[in-house]
Structures are given as C-alpha cells and as structure tokens.
Amino acid sequence: MCWLVVALSGGCFALAQPLQARAQTPLGEASSATSANGPTTPGAASQGPARQAIPTGLVSIESDLQRADQATGVITATGNVRILYPDKGVMATARQAQYFTREGRVVLSGDVDVAQQDGSLLRAEQVTYLVRSERITARPAAQQQVLSRLRLTPAPNPATPTATGTPGATAGMGQPTTRTVAP
C-alpha cells in the first residue's frame with residue numbers, strides 16, 4: 001500500500017511512509033495514537049472548547065500504486081484509491097486519481113464516491129475538481145446518472161439575526177445559499 005501527501009495549493013508533493021495501524025472514521029479521523037497530522041488522543045475533539053484547525057492544504061492519498069512525473073507535473077494513483085482532505089472535511093474513493101499540478105486539476109475515475117463531513121455525498125464515474133476555483137464536474141457511467149446528496153442550509157436573511165445572533169452567515173460547499181431579491 002502506498003501513501004502520498006500532496007499540498008494542493010502549491011503543486012508540491014512529498015512521499016510519506018504508511019501510517020501505523022489505525023482505525024479511522026469515514027473522513028480519516030484517526031482513533032489511534034498516530035494520524036496524518038501527528039499524534040492524536042482518542043476523543044480529543046470532544047475535550048475542551050472547539051478549536052479551528054489551521055488549513056494546511058495537505059491531502060493524503062492511499063492507493064496500490066502511485067507515480068509522479070516531474071516532466072509533466074502529473075501525479076497518478078491507481079487501485080483502491082482513498083483520498084483524505086482534512087481542510088475541507090472530504091474523503092474520496094476511486095479506482096484512479098490524477099493530480100495535474102500545473103493546471104490545479106484533480107480527476108477521479110472509476111466508481112467515484114466523495115463524502116463530506118456534513119453528510120453530503122457525490123457518486124459518479126468521473127469527477128473533476130478544479131482546485132483554484134473550487135469547482136466540481138461529475139460525469140456518470142453510460143446509461144446511469146450522477147448521485148448527489150446535499151445538506152441544504154439556507155443562509156439567514158441579513159436583516160434577521162440567527163439563533164446565535166450572527167446575521168448573514170455563509171454556507172460552504174454542499175450548503176447552497178438561497179437569496180431573495182426584491183423587485
């Protein structure tokens with residue numbers, strides 16, 4: 001089994017050793033003493049006040065085989081591909097993943113499942129993710145359809161405070177914002 005850690009924002013990559021034996025949740029939160037982000041303690045997320053994680057841009061890719069071509073800037077992972085993107089709370093699986101570093105484009109192919117921490121899900125035969133613009137295109141297999149399961153959380157009316165008293169909260173990926181435009 002191979003591991004590859006990729007920094008998406010800069011197009012860099014570094015090979016990493018496989019992690020120690022671990023049990024993981026669907027989004028890769030390690031329940032052992034070692035995780036992709038260093039030592040952790042089981043249940044640490046529930047202890048004390050919630051802290052915002054500092055985005056690292058790191059993505060972990062686990063697969064049967066991985067190749068990096070410095071001449072073309074393409075990183076290819078094939079066979080039982082599993083991708084963890086903690087900054088976005090995303091886990092994806094596919095038969096193949098390619099990261100085109102110069103274009104900032106990730107292409108997942110073959111039985112693609114992309115799950116988010118909020119329960120959102122995307123199933124397709126091919127998913128293309130444009131890193132810089134954060135846009136996704138999903139294509140189905142022949143004679144099939146793309147499946148999307150989204151958690152819809154409309155943004156509150158800016159004039160109406162929310163339950164916590166903060167007006168105008170914005171929604172993230174998988175949480176479409178609804179807006180009302182007055183004539």
### Query
When you count, for each residue, the other Cβ atoms within 10 Å and take the mean per peptide, how do 92-102, 72-82 rank with the highest first?
92-102, 72-82
### Task
Please list the non-local residues whose amide H lies under 5 Å from the amide H of Ala155, H modeled 1.01 Å from N, same-chain partners needing a gap of 5 or more.
Thr178
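No value in this document is a laboratory result; all are computed from the given coordinates. In this text, all values refer to a predicted model and were calculated from it rather than measured experimentally. We place every Cβ from the backbone using ideal geometry, glycine too, and count neighbours over all the protein chains shown.
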